[in-house]
Each structure stands twice: as C-alpha cells, then as structure tokens.
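The values are calculated or read from the model by the stated rules, or taken from the named source; none is laboratory data. Just so you know, these numbers come straight off a predicted model, no measurement behind them. Neighbour counts run over all protein chains shown; Cβ positions are idealised from the backbone, glycine included. Ligands, DNA and RNA are excluded from the accessible area calculation, which covers all protein heavy atoms including side chains. Shrake-Rupley method; radii C 1.70, N 1.55, O 1.52, S 1.80 Å.
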Amino acid sequence: MSSDSYSVPFLCNFDGQLNDTDSVIVKNLWSGYWLLEDVNLSKQIITEGVEADTITNRLKDGGHDNKMSEKMLQMAISSLLTFCERNWNPHPDEFNLEKHLGIEWPKSLDVSTLLQRDSEPMYANILYPELLYLSSQIFSALSSFEPSLVNLWWHFRSKVTHQRTLEDTSATLFNELELIIAKLYNESQTLDDNRLKILLYCEIAQAYLLYGRVQKVDEYLIKARELAGLKLELTGVLGKRTKFQQEALAQLALSSELDENFERPSAEQSHGGSDLPQDIELQDDLRLSKIQFNENIMQAELPSLEQTLCLLTVQYLQKSQPKDDLMNEELQPYIDAVLSQKKGPWSTRVAALLIRCKLEASHKRTVERAMLQCETIVNDKSGVTNTSRLSYLWATGLSPSWTWRQQLADLYLSLGLVKAALNEYQALQLWEDVIVCYTLLQLRHKAAEVIQQQINIKPTVKLYCLLGDATDDVTCYAKAWEFSNCKSSRAQRHWGNYLFDHKKYDECIPHFEKSVEINSIQESVWLRLGFAALETEKWELSAKAYRMYTYLHPNTFEAWNNLAKVYVKQGDKNRAYRALMEALRFNYDNWKLWENVILVSIDTGHFEDVMRGVHRLLDIKNKFDDVEVLSLFAKAIVQDSKDADGNSTARLRKRAVEMFGRITAVHQNKPEIWQLYSDISPTYLLKGQRLLKAYKGFTQSGNWSNNPETCLKVMELTELLLDYSLKARQEAEDKDILQANQQLSSARLTGQAVIRAVEKQDWPETQQLLKVLKELFNNVTEYMKSVM
C-alpha cells in the first residue's frame, strides 16, 4: 500500500470532502460509525495473539497482499477512533466491546498491565483500553512491515494517545515516539500538500509539549507558521477594559496576517458543519466582556489550521514562560483570536475555552464565568458528530473528557464549594484531590477511611501510596513497593517525598534515586533529588540531578541557579557562569540571581556581565554597595587585566566610570566606593575631586583620628589627594585652570586639617607617613604661591 494512494483520506482528519473514487473503507471511516470491516480477522488476531510481533508475522505470511494490510489498517483506525470517541466525549453512547470486536476479550490479557510503561499505570477513568492496546499493536506491526506515511502517522498518534492515558510521563514511550517522529518527518518531506505538513508539525509539537520539550515545540511551531504564511504579532493599542473607565489605556492586542500567496481553505469550507460550544459572555458589574479598542485591530479570518496554530502558540507560551499575571495578559489576545472565529474545529474551540477557564479561575471577577463555561462544556449533550469531535484532535492537544470534569471540580474548590468539588473528585477516583478536600473540611481521617475502602475492593500501588500520604504512615509506602514487586517508581517517589517533606534529606535520596532509575523523566523527583543532595553536600549527585532536570525542564531559573551553586562548590566557576546565563533567560528580575551572576562573573573574568548585573540591581533594588566586588573590578580596569575572552579590560573604563557614577549617586556617603571611583577616573582632576568626596565620607564622624588604623587610611588618601590635585593643576589647560585651582586649594586645606589632627594624637605608627605628608603639603603650598 503506497502512502501516495491512501495518506490523505486514511488519516481521517475530517476536514474536507471525499471523492467518488475513494474506497468503501475510506467512506466508512469518514462516516463516523467505526465498525470493523472484517470481524473474522479481529477474532483471529485476538485469539492467536495481539502482540505486534505476531501481527507482523501474519502480514509477512500474506506477502504483499494489499487487502490484508488495508483490512488491518481499517481495524486499527476504527479501534483507535472508537477509543478516542469514548474518552473524549463527556456523554458517550452505550457501547458493547464484545459486539464491536466480534469476540470476548481474553481475561488472560490484562490490558491495564500491558499498557503500563516504566511502572506508570493508566488513569482509572480510561474507558475501553482494550481498543487502544489492539490498535497500537496493529499500528506497530504495520509501520514495521511497511513504514509508509499513513502507517507511521497512525502509529505516532497511538503512542501519543497511550501517553495521555498514563498518570505520568514515560521515558520509554518518549524514546519510542522520538524514533517514530524521525521516520515520520523524513517520510513527510516527499509530500506536496503543505496543509498536511502543517497538521503534522502541529501534532509533533503537541507530542513534545506533553513532555515539556519546549525547544522542540518552538522548532515545529516556527516550521508550521512559515508553511502556513501566518504572521501573529502582539502590539499595544489604546482601549478600555472596564465599564466606567474614562481614559483609554494601552492594552495588548494581537494582529494576525495571512500571506495571500498561499492557497488555503476557509474554516467554513473545512469545518463549516461543526457545532461549536457556546462561548459564555462575561457578566460583571465592572469589567467589560471584551476590551473596547480605540482603533480596529488587523485580524484575518483564520482558517482551521491557522486557528490551531494560534492555540498551539498559547500552549507553548504557557509551558515556556514563567507563570505570572503578565503571562496571562499575553495569552489572552491569542485565545480571543481563536474564539472570535465564526467557524473552526470543535477540538480547537474546546481547548481554547478550557485554557481561558484555567486563566480566569484565579481572578474574582472572572472565576464565575470560568465555572459556567466549564459546566457548559462538561454538560454539553448537543450531539456533536463523532467526526467533528475528533477532527484535529492530535493537533490541539485536547485532553480526555474526564479531565474537563476535573477542571470543573478545581473551579468549585477555588470558589469554596468544597463538597461539590469532593463529589466530583470521588466520582473520578482522584483520591489525591479527595485528601485535599477532606483536609479543608477538617476531616482528614475520613480521607484515610475512603482510601482504605478502595484498597479493600481492589488494592493498587497508588492507593497504598495515598494511604501513606493521608496517614503519614511510612509503612504504607513499603507495602506499595512490595505490592509492585519492587518495580513502582510511584512507591519510591511518595516514600522519598514523605522523607523530603520532613527534611530527612539523607534518607530520601536513595528512594528518589530508585524512582528515577525506573522512570527517568520525572521532573519533580530530579528537582527534589538535586536539592536534597545539595543540602547534604553531595555535589556530584546534586549536579547530575539538576542537569537532568534542566534538560527535561529548561525554563526554570531556580534549577539553573542551584546548578550554578553546586558548580561553585565543586570549584568549577566557568560552568557555574554558563548555568547562571541560562537562569537569566527565564528570570531577568530576581535580585538574588543577579547577585550570584556578579559574584561568579567577577571570579571568571566576565567583567561586562559584572557591569550588567550592577546596573540591573540598581534598577531592581536601587542599591549596590559590595565594596569587595567593586574593588576587584576596579583593580582589573586599572591593571588592564585580560577578561574571560582574552580581551583588554581597559576598554571598559568609560562604561565602568558611568557605572560608578550611578552607584555613587545612590550611595553618596560610601567613602570606599568614592575611592574606587577615583582609581578608575581618566584624569587627575576627576581623581582628585572624587578622593575629596571619599575624604569627607571617612572623616564625617569626627572620630577618625582617635584610631591609628583609620588615621593611616585617611593620611594615605590625603597623600593621593594632594598628589592628584597638584598634577591636575600642573597639566591643566587654560579652560580647566580655574577648576584645577579650586581643587588644589581644597586639597591643601584638607591636607592642613589632617596634619593638625594627626599631630595632636602623635601615634607612633603615623610618624613616617606624617613626614611624607608634610613634605607634599609644603610642595603644594610653594607651587600655589608661584602660580596664583
């Protein structure tokens, strides 16, 4: 079966019209009623063995029988689409699995165990996992037997769907997906249909998004946008957000533009028949439902794929940017752009509405609309067609329908409706959330009772772990580990978390290590392992854990910062510097991070970053007075040390003078800083003027002469002051003579005051310097007599 013959219709994107020449199998697949064409073949496969190897052998025995391959493909597609329709529909119709397959599923085939990966079990709410297992095994066999575009694409979709059924991400599944993506991408390069390529890139980006690989998501998002000729740009436009707002203020708006040279079907043409969910209008006594802009925003009528790309941009930003109010403001225009379209894919619209619900859940003026919107989606029984429901499903990243109900329960909880949330969580068997609700109701003992009842019905590793969480009984984790035959990453994770929360860092480390050994892509475990190892001074282990975490989740500045700290402890400050540069990419406003940047940069010779850090701290805190750092920096400038790249540091003198100017404007009475400012100043006149400021700072208390140490410090400064002021006058040009005279006069008076104060104390330590100072003072006096 060639990919050219079957790729587009067999992919079941449900975004166009079939041709009269399309096969009966294709027409049946597009009907939305996914019955198996050959029930006898289904019986044979299930009886003989559903494993991929067995199915591959059957295909090989049939030689190049296109009919056999086509029947297998139809069975797998029908099974996967039926599985998705059951699990992405909040109100599915009755379904008889035995009737669908033509045979009772063998009790010896425990699908919940077969679908486990890296000990990660399926969610309890997944319906008919047998269909997923059957389809994934057939797709695996087909893509192995004949790696065509259609076979590889469906194999890829089955793996993504498999990951969505698991409670946590699986390293094994991710590795399998990466191999399929590489083959699929190569196969797709022969495609002439750019619209199909865009869809594929969206689906691949969504797969990487599942695992938090934001750099890969960005890569495929850019490729898809370029192919689509879509330009999205955020801009500031004056507008009003509230009903009683008098003056228009700058608001974020999204302008969208489509390249006219690209051919594309409209959303009406591709998804005109989709019944989209109702968009609930905001009913608030203050806030407007939509921002009223003073001018028209350039917004194109987006076709279906472009709407999905806009949605993908939102999801990418959510994953890659720090979670704060600014990010929410940035996301809203993208969401509005999707929701303002009259037609589009059902899954794209639902995903956009659910994201908006999540964003609005944290604000008192929008949380009620979020709840009503979520209820509308969950309770929708309007009879959306199966094909509309599943069109672009893998490109939108829409999660199964039971998670929508979970989101509704979360909204109930945020509104204080704890009992309503509890009922939903119990119905969904989300026992961790049940514990939270009972704790809020001050009935934590009740949570333990409910979980124990579930264990009595059917014990699982997760239930034993949650019982341990509810009772703080560490033996429950040991039971969970034993129950899993020492194979559960969850059991070790919960065990480690318990010890970590009780600050038993030495004891939690072995449990975290076992957990990541079983499943290596558990972000939270790597993060906690890194911190525990840091606290117990196990630098090598801590560095390994933080490196792994930053690989899995590169946009967290705390992890990069802690990794830098570990490198400093290991004496590897160059690697610490690189880690801090990564941290800055994700948080530019954390003053502690900038302090670390300055300290490491000064030690590694990155003097430009020292200046950048000082300026940033002055911006954030309006303060920087670390004399030790500034001394090292000034010394490097004066001695013209080489920086980390082998460049001359003296080239930075002008910028360094500007930096010290900012610092002294804030810290006007810090004599040590004024003295350093003098050291790097380019002329004797400026050096003298700044030393005079330093002198005033050192002597302002009036007690400086009572201590021989401070006395010597002031004398040394005064010696430099007289020397610089004298040289400034000697080298002064005509236009600077008046200023130089004033400076020399001030320096002489200062010298006279210092000499008198030192003579009164008569410290033995100061006698030698006093002679030098008197001699210099006399030279200044004689010179002034000769020129004035």
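Below, the figures for the structure above:
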{"quantity": "In the range 236-271, the residues that are under 20 Å from Leu311 (Cα atoms) and exposed (fewer than 13 other Cβ atoms within 10 Å of the Cβ)", "calculated": "Asp259"}
{"quantity": "Tally, over the range 29-50, of residues that are in a helix (DSSP H, G or I) and buried (at least 17 other Cβ atoms within 10 Å of the Cβ)", "calculated": "5"}
{"quantity": "Unmet criterion (only one of (1) touching a Leu at 6+ places or on another chain (Cβ under 8 Å); (2) among the polar types (S, T, N, Q); (3) open to solvent by 30 Å² or more (accessible area, probe 1.4 Å)) for Thr766", "calculated": "(3)"}
{"quantity": "Top-ranked residue of the range 551-561 - restricted to ones that are in contact with a Phe, Trp or Tyr (Cβ under 6 Å, 6 or more places away or on another chain) and surrounded by fewer than 23 Cβ atoms within 10 Å (Cβ to Cβ), ranked as farthest from Ile602 (Cα to Cα)", "calculated": "Asn555"}
{"quantity": "Odd one out for Val384 among (1) open to solvent by less than 50 Å² (accessible area, probe 1.4 Å); (2) at pLDDT below 95; (3) assigned to a helix (DSSP H, G or I)", "calculated": "(3)"}
{"quantity": "The range 769-788: number of residues that are of a type outside the set (Lys, Arg) and closer than 17 Å to Ser705 by Cβ", "calculated": "4"}
{"quantity": "Every pair of residues 6+ apart whose Cβ atoms lie under 8 Å, when the first sits in the range 485-506 and is free of Cβ contacts under 8 Å to residues at least 40 places away in the same chain while the second is among the β-branched types (Val, Ile, Thr) and assigned to a helix (DSSP H, G or I)", "calculated": "Ala491/Val461; Gln492/Ile518; Arg493/Val525; Gly496/Ile509; Gly496/Val525"}
{"quantity": "Any hit, the range 65-73, residues being farther than 25 Å from Thr460 by Cα, under 44 Å from the mean Cα position of the chain (by Cα), of a type in the set (Ser, Thr, Tyr) and modelled with pLDDT under 90", "calculated": "yes"}
{"quantity": "Which numbered condition Lys735 misses (of (1) loosely packed, with under 13 Cβ neighbours inside 10 Å; (2) of a type in the set (Lys, Arg); (3) modelled with pLDDT of 90 or more)", "calculated": "(3)"}
{"quantity": "Of all residues making up the range 208-253, the number that are under 25 Å from Trp394 (Cα atoms) and of a type outside the set (Lys, Arg)", "calculated": "20"}
{"quantity": "Qualifying residue in the range 391-403 (condition: open to solvent by 10 Å² or more (accessible area, probe 1.4 Å) and either farther than 30 Å from Pro9 by Cα or free of Cβ contacts under 8 Å to residues at least 60 places away in the same chain (or both))", "calculated": "yes"}
{"quantity": "Test: residue in the range 36-53 that is of a type in the set (D, E, K, R) and within 19 Å of Leu393 (Cα to Cα)", "calculated": "no"}
{"quantity": "Failed item in (1) out of contact with any Leu (no Cβ under 8 Å at 6 or more places or on another chain); (2) open to solvent by less than 40 Å² (accessible area, probe 1.4 Å), with Gly688 passing the rest", "calculated": "(1)"}
{"quantity": "Qualifying positions in the range 349-381 - assigned to a loop (DSSP other than H, G, I, E, B) and either open to solvent by 20 Å² or more (accessible area, probe 1.4 Å) or not polar (S, T, N, Q) (or both)", "calculated": "Ala361, Ser362, His363, Lys364, Arg365, Asn379, Asp380, Lys381"}
{"quantity": "Qualifying residue in the range 299-320 (condition: over 21 Å from Ala253 (Cβ atoms), open to solvent by 20 Å² or more (accessible area, probe 1.4 Å) and part of a loop (DSSP other than H, G, I, E, B))", "calculated": "no"}
{"quantity": "Scope the range 453-467; condition open to solvent by 70 Å² or more (accessible area, probe 1.4 Å) and in a helix (DSSP H, G or I); matching residues", "calculated": "Gln453, Asn456, Ile457"}
{"quantity": "Tabulated pairs, the range 185-196, first in a helix (DSSP H, G or I), second of a type in the set (Val, Ile, Thr) and open to solvent by 60 Å² or more (accessible area, probe 1.4 Å), C-beta under 9 angstrom, 6+ apart or interchain", "calculated": "Leu196/Val8"}
{"quantity": "Candidates Leu712, Leu769, Leu721, Leu773 - the one that is under 30 Å from Arg651 (Cα atoms) and of a type outside the set (Gly, Ala, Ser)", "calculated": "Leu721"}
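Residue by residue, here is whether (1) farther than 17 Å from Leu142 by Cβ; (2) modelled with pLDDT under 90; (3) within 41 Å of the chain's Cα centre (by Cα) holds:
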residue: Met1; (1), (2), (3): no, yes, no
residue: Ser7; (1), (2), (3): no, yes, yes
residue: Phe10; (1), (2), (3): no, no, yes
residue: Phe14; (1), (2), (3): yes, no, yes
residue: Asn19; (1), (2), (3): yes, yes, no
